[in-house]
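The values are calculated or read from the model by the stated rules, or taken from the named source; none is laboratory data. The shown structure was predicted, so the numbers you read here are calculated from the model rather than taken from an experiment. Cβ atoms come from the backbone with ideal geometry, glycine included; neighbour counts cover every protein chain shown. Ligands, DNA and RNA are excluded from the accessible area calculation, which covers all protein heavy atoms including side chains. Shrake-Rupley method; radii C 1.70, N 1.55, O 1.52, S 1.80 Å.
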Amino acid sequence: DNVEWSEEQEANARSKVQENSSQLLPQDKQEEYEVNANRYWDDFYKIHENGFFKDRHWLFTEFPELAPNRNPSQNEVSGCKCGYKEESSNEGLGSCENGHCSLETRAENQLNVVGSTSEFCTQQPAHQEHREPNPSAGDYPGSSATYRILEVGCGAGNTVFPILQTNNDPGLFVYCCDFSTVAVGLVQTNAEYDSSRCFAFVHDLCNDQSPFPMPEGSLDIVILIFVLSAILPEKMQCVVTRLSRLLKPGGMILLRDYGRYDLAQLRFKKGQCLSDNFYVRGDGTRVYFFTQDELDDLFTTAGLEKIQNLVDRRLQVNRGKQMTMYRVWIQCKYRKPLPLSPEE
């Protein structure tokens, strides 16, 4: 865990990225991937349903803000506890190709999972109920809650349901949204979905005309887990700024995402690079690989203050295939400043 890289290893990684990014996709193909982004993710969830991701019970070690009996002082942690273990199973390790790691596209399948996995219905996903809440008038799902969490890019619910199962705070309400209507359907048809504690909805983060069901300044936590990296880089700042407006003063954005020179980036082939450190996978979904400074710029430009911004480098060993693999993730916590007191 948290392995140090030698100068030679970093130089080799930099060389591989220079090689696989030396040939960019034509602009018309890049535009096609942007225009059809929702279709590629819908296809992904139609194929895999809930079988691709594992429930993220490590969330409560890395992000205690999501657990019951929250201790406000925990928000001040500046280092990573990294208290989860990696799976001893070799399944999926060493089979990362075209930016995908088998069983867990977002590279978390190697994290230890405890507890039971939710069972998803295999019936046709139900369409979201069409209702027109009026957040500005206080008429919106979760309006009576005292602690509100939004997960962006919820997929099949592998973050939402562990939170609902673990956190029995009666004042908790969890919102979750995804670009993919198929993914949201999987959440809504899950036997664990409780509309009195959760509201799942389809949302395009990149469309600033697409309204949220809750008003600005109403959320305590926004979760971004391997989501920001799927967005066109030039649209990231707008997305982060929009999300920051939803936070209460003192509210936080929690992020975990791909770091520069992660195994998945090094395994891309020529012809899959869209722009610097931004690639398209074989199934049409896209991924960006961040540095700490890039993420810090995005969040501080949106008016948030840094609580945590760290690189988590891990060495994974597939003993069956006698392979070693280096993963690089970045974990961040950024907070909306509290208003200054009159004395200040």
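Being charged (D, E, K, R) and closer than 18 Å to Asp312 by Cβ is the filter; apply it to segment 4-22 and report the residue that is least open to solvent (accessible area, probe 1.4 Å). Per the criteria, the residue is Glu10. The residue that is nearest to Phe179 (Cα to Cα), counting only those in segment 216-227 that are buried (at least 19 other Cβ atoms within 10 Å of the Cβ) and at pLDDT 95 or above, is Leu224.
Scanning segment 252-299 for residues that are open to solvent by less than 10 Å² (accessible area, probe 1.4 Å), assigned to a helix (DSSP H, G or I) and either among the charged types (D, E, K, R) or under 20 Å from Val240 (Cα atoms) (or both) gives Leu295, Phe299. Would you be able to say whether some residue in segment 152-170 is touching a residue at least 12 places away in the same chain (Cβ under 8 Å), over 19 Å from Thr241 (Cα atoms), open to solvent by 20 Å² or more (accessible area, probe 1.4 Å) and among the aromatic types (Phe, Trp, Tyr)? Within segment 152-170 (the criterion being touching a residue at least 12 places away in the same chain (Cβ under 8 Å), over 19 Å from Thr241 (Cα atoms), open to solvent by 20 Å² or more (accessible area, probe 1.4 Å) and among the aromatic types (Phe, Trp, Tyr)), the answer is no, since none of the residues qualifies. Out of (1) surrounded by fewer than 22 Cβ atoms within 10 Å (Cβ to Cβ); (2) in contact (Cβ under 8 Å) with a residue 24 or more places away in the chain; (3) farther than 28 Å from Arg313 by Cβ, what's the single condition that is false for Val174? The one condition Val174 does not meet is (1). One residue alone among Gly271, Gly303 is at positive phi and at pLDDT below 95, and that residue is Gly271. When segment 300-310 is filtered for residues that are in contact with a helix residue (DSSP H, G or I) (Cβ under 7 Å, 6 or more places away or on another chain), closer than 21 Å to Glu62 by Cβ and open to solvent by less than 40 Å² (accessible area, probe 1.4 Å), the ones remaining, listed by number, are Leu304, Ile307, Asn309.
Of the set (1) within 13 Å of Ala156 (Cα to Cα); (2) open to solvent by less than 40 Å² (accessible area, probe 1.4 Å); (3) of a type in the set (Phe, Trp, Tyr), all apply to Phe179 but (2).
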